[in-house]
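Since the structure comes first, as structure tokens, the remarks are kept for the end.
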Amino acid sequence: MKKEIDSPADSYEASLTEEQRIAFRTLLLSGVTLAEAHEKTLPWPSGPAQGKKPSLSSLGRARLRLRIQERVARIEEARIAARTARDSTHHLAKSLREKDMMDAAVALLGQKLIDGCLGLEDGNAGAAVAWLLLRRADQRLAEERLALSRAQFEKANPPPPPPLTQEEKEQRVKEIFGI
């Protein structure tokens with residue numbers, strides 16, 4: 001559910017039709033300079049400034065507001081994604097310790113996502129988190145394989161009987177030689 005903060009009722013943006021407003025927002029967020037945007041904007045359709053184009057400062061404020069709206073929406077999406085990832089990974093962990101580890105990894109990924117949305121990302125952080133998650137998955141797989149191998153070995157090679165005591169040895173000698 002995306003919330004939008006609309007511009008004030010007496011603003012240039014509010015005086016446009018819905019189609020014009022969409023085109024105006026797309027123009028401001030397209031990466032053009034404010035001067036280029038100023039050239040491409042339509043003049044005020046009504047009001048005291050009718051026929052004049054909006055000022056560069058008005059365009060700058062509108063662009064800033066739109067960028068803030070985008071960032072807030074991205075942060076909200078990142079928060080939802082982090083919560084979903086956390087909830088979906090609990091079944092992967094077999095113990096409380098693993099759940100704590102998975103929670104920490106998901107928290108790191110969530111922070112990485114938020115930092116990326118805000119332009120604060122560090123490329124190495126994401127690689128480190130991914131590497132740790134992959135390494136843990138490899139460790140878990142190796143542990144499962146080792147446990148399976150041990151079980152198969154123990155089934156195929158039962159442990160030898162315990163060594164005979166001196167009395168048992170003497171008894172066996174008497175049985176064999178009939179003494």
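The values are calculated or read from the model by the stated rules, or taken from the named source; none is laboratory data. None of the values given here were measured: they were computed from a predicted structure. Note: ideal-geometry Cβ built from the backbone for every residue, glycine included; neighbour counts use all protein chains shown.
Data for the structure
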| quantity | calculated |
| --- | --- |
| Test: Leu120 is at pLDDT below 80, hydrophobic (A, V, I, L, M, F, W, C), part of a loop (DSSP other than H, G, I, E, B) and more than 12 Å from the chain's Cα centre (by Cα) | yes |
| Verdict on Ala37 being surrounded by 14 or more Cβ atoms within 10 Å (Cβ to Cβ), closer than 15 Å to Glu13 by Cβ and either more than 40 Å from the chain's Cα centre (by Cα) or aromatic (Phe, Trp, Tyr) (or both) | no |
| The range 31-46: number of residues that are hydrophobic (A, V, I, L, M, F, W, C), assigned to a helix (DSSP H, G or I) and farther than 10 Å from Leu59 by Cβ | 0 |
| Residue ID - modelled with the lowest pLDDT, chosen from residues in the range 153-179 that are surrounded by fewer than 10 Cβ atoms within 10 Å (Cβ to Cβ) and among the hydrophobic types (A, V, I, L, M, F, W, C) | Ile179 |
| Tally, over the range 45-76, of residues that are farther than 17 Å from Arg25 by Cβ and in contact with a Lys or Arg (Cβ under 9 Å, 6 or more places away or on another chain) | 1 |
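Residues are listed down the side, and each one gets a yes or a no for (1) part of a helix (DSSP H, G or I); (2) closer than 30 Å to Glu39 by Cα; (3) modelled with pLDDT of 80 or more; (4) among the small types (Gly, Ala, Ser):
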| site | (1), (2), (3), (4) |
| --- | --- |
| Leu59 | yes, yes, yes, no |
| Ala62 | yes, yes, yes, yes |
| Arg67 | yes, yes, yes, no |
| Arg71 | yes, yes, yes, no |
| Arg79 | yes, no, no, no |
| Arg83 | yes, no, no, no |
| Thr89 | yes, no, no, no |
| Ala104 | yes, no, no, yes |
